[in-house]
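The values are calculated or read from the model by the stated rules, or taken from the named source; none is laboratory data. Predicted model, so just to flag it, every value in this text is computed and none were measured. Here the Cβ is made from the backbone with ideal geometry for all residues, glycine too, and neighbour counts use every protein chain on show. Ligands, DNA and RNA are excluded from the accessible area calculation, which covers all protein heavy atoms including side chains. Shrake-Rupley method; radii C 1.70, N 1.55, O 1.52, S 1.80 Å.
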Amino acid sequence: MSNTLLRGEIVYFIDDPAQKGEAAHIHHADGIIWIKDGKIHQCGDAATILPTLPSNHPMTHYPHHLILPGFIDAHVHYPQCDIIASHGEQLLTWLNKYTFPTEAKFTDYSHAEQVAAFFFTQALRNGTTSLASFCTSAPASVTAFFDLAQSHNMRVIGGKVMMDRHAPDYLRDETEQSYDDSAALIEKYHEKWRLHYGVTPRFAPTSTPRQMQLAGKLFQAYPGVYLQSHVAENLDEVTWVRELYPTARSYLDVYEEYGQLGRRSIMAHGIWLDETDRARLAATGTALAFCPTSNMFIGSGLFDLKAAQQHGIQVAMATDVGGGTSFSLLQTLAAGYNVLQLNNHQSFTAFQGFYQATLGAARALALADKIGSFTTGCEADLVVLDYQATPLLERRLQTCASLAERLFALMILGDDRAVAATWIMGRQVYARDISCLEN
Ligand code: GUN
Ligand code: ZN
């Protein structure tokens, strides 16, 4: 049995700070994480754990660092790595001008593999250890995604985009074939290693009613399978959905009609929702992915976290690259803070933010028994943040009087430079430099 020991300041969540306040997090100013065979065996104060340890066992010590559960990105598009930061469009023209042409290249496995390799490297250097990604309509894009995720031993959700209308010929799939292709990929990858399949109707406008029905059927037919899509991101999109599905009560109602809401269904954005929609999201256990850098960059609108919380909707943070502008969940939290400031001065605390990037996301994705915290038995995926990553961060943190203030400065000022190391299943898979000490 392999034992791995890490020492440093540790924070993780056991509940939602919106409901439990300060009692929602656990903080060890000088803590130890004891990992056995890739899973958390014990996490506690160093003073308590040190006397119980196997003698002279090597320990990785991170002074001036903060150890958190690895970040979880609940909605991202790995094939869009190469169009991040493309200028000047809103959703529907952005899709046609940049997104669809870049996604066309993923019929070629070697291209898909090369982009996926870059994507996972970016995730790890940003401390992201789990993610839910769209692939493209080409099955090869899914194969490459899962092959790379498996090689990194990462817990991920991914799926073939289903889109049989309102897209260029080169990207559109065939309705019945999209079902068969998705089913074959589910059989091949779902719940193998740490991989999960997500049925992926791109969004209601690019699927015929028949394809929407088939996507719902897949979601219902295969136990444990996810469903990921977009809802109510942009006002022109909402108007278009109303024209395409005139009998639906709302955009969200289209997904409900086709059996696509429920536990393990993840809807990105959810900006232009009404109260009935929010009640349906909560009642069905459907999660919302909050994608603030994307929502600002594509000019979509301001997410209403308070309304989601009042209804009891599970909300997870997400980068939505390439609509989003950063792979960093720290930068995503900073953007989330700004968005919420602009939306009736909602005050997004650092505790709320880090919860939604770790345990909150794990709960939203029905994975909280496996990832998102340092509770005994969870998989030991973690990120080590450096309090001295930049001169500005180091200086600002010296004047912080509390953990809340330090976390807040980290989320506003931090980015990939703040990530000193990333660990997956108790193994270090990324180290920014050699600042950690063995003792
Ligand atoms: N809606 C449909 N497809 C997409 C996409 O690729 N990105 C975003 N942000 N919204 C979408
Ligand atoms: Zn998206």
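Taking amide H atoms as placed 1.01 Å from N in the peptide plane, the amide H of Met59 lies under 5 Å from those of Asn439, each 5 or more residues away in sequence or on another chain. Taking all Cα pairs closer than 8 Å and separated by 6 or more residues, the relative contact order of segment 116-244 comes to 22 percent. A full extension of the chain between His57 and Lys188 corresponds to an added length of 43.1 nm, given 0.36 nm per residue minus the alpha carbon distance.
Of Ala140, Ala104, Ala184, the residue with the greatest mean-square motion in the GNM of the chain, using alpha carbon springs below 10 Å, is Ala184.
Here the spin labels are modelled as points 7 Å beyond Cα on the Cα-Cβ line, and at Arg242 and Ala283 they lie 2.3 nm apart.
Taking a ≥ b ≥ c as the square roots of the eigenvalues of the Cα gyration tensor, the chain is prolate, since a/c reaches 1.5 or more and a/b is larger than b/c.
In order along segment 105-121, phi translates into HN-Hα couplings of 6, 8, 6, 8, 4, 5, 5, 4, 5, 5, 5, 4, 5, 4, 4, 5, 5 Hz, rounded to whole numbers, per the Karplus curve 6.51 cos²θ - 1.76 cosθ + 1.60 with θ = phi - 60° and x for Gly and Pro. Just to be sure I understand: with springs between alpha-carbon atoms less than 10 Å apart, which residue in Pro101, Pro51, Pro168 has the highest mean-square fluctuation in the Gaussian network model of the chain? In this elastic network of the chain, the residue with the biggest mean-square fluctuation among Pro101, Pro51, Pro168 is Pro51. In this structure, the amide hydrogen of Lys39, modeled 1.01 Å from its nitrogen in the peptide plane, lies closer than 5 angstrom to those of Ala380, counting only residues at least 5 positions away or on a different chain.
The C-alpha atoms of the chain define a longest principal axis, and helix 403-413 lies at about 50 degrees to it. Dipole of segment 1-136 computed with +1 at Lys/Arg Cβ and -1 at Asp/Glu Cβ about the Cα centre; of Ile33, His87, Asn126, farthest Cα towards the positive end is Ile33. Contact order, relative form, for segment 172-288: 24 percent (alpha carbon pairs under 8 Å, 6 or more residues apart, mean separation divided by residue count). Taking amide H atoms as placed 1.01 Å from N in the peptide plane, the amide H of Val199 lies under 5 Å from those of Tyr226, Leu227, Gln228, each 5 or more residues away in sequence or on another chain.
Taking the Cα centre of segment 295-400 as reference, the dipole from Cβ charges on Lys and Arg (+1) and Asp and Glu (-1) amounts to some 240 debye. Farthest toward the positive end of the dipole of segment 252-397, out of Gln356, Gly301, Gly262, is the Cα of Gln356, where the dipole comes from beta carbon charges about the Cα centre. Solvent exposure of Arg432, expressed as accessible area, is near 70 Å², computed with a probe of 1.4 Å over the protein chains only. Taking every C-alpha pair closer than 8 Å and separated by at least 6 residues, the mean separation divided by the residue count of the chain gives a relative contact order of 20 percent. Counting only protein heavy atoms and using a 1.4 Å probe, the accessible area of Lys20 comes to about 110 Å². For segment 71-77, backbone phi angles converted through the Karplus equation (6.51, -1.76, 1.60; θ = phi - 60°) give residue-by-residue couplings of 6, 10, 9, 7, 6, 7, 10 Hz, Gly and Pro being listed as x. Using alpha carbons only, how many angstrom separate the centre of segment 198-240 from the centre of segment 302-379? Computed from Cα coordinates, the inter-centre distance equals 22 Å. Quick one: among Lys217, Lys97, Lys36, which has the greatest mean-square fluctuation in a GNM of the chain with alpha-carbon springs under 10 angstrom? Comparing Lys217, Lys97, Lys36 in a Gaussian network model of the chain, the most mobile one is Lys97.
Evaluating 6.51 cos²θ - 1.76 cosθ + 1.60 at θ = phi - 60° for every residue in segment 382-390, the Karplus couplings come out as 8, 10, 10, 9, 9, 5, 10, 4, 9 Hz, glycine and proline recorded as x. If you take the charge dipole of segment 200-250 about its Cα centre, with +1 on Lys and Arg Cβ and -1 on Asp and Glu Cβ, which of Thr208, Thr239, Val225 is farthest toward its positive end? Selected residue: Val225. A Cβ-based charge dipole, computed about the Cα centre of the chain with Lys and Arg at +1 and Asp and Glu at -1, lands at about 560 debye.
With a cut-off of 14 Å between beta carbons, the residues surrounding Gly224 carry a summed charge of +3, where Lys and Arg count +1 and Asp and Glu -1. In this simple spin-label model, placing a label point 7 Å from the Cα along the Cα-to-Cβ direction at both Asp37 and Tyr170 gives a separation of 5.0 nm.
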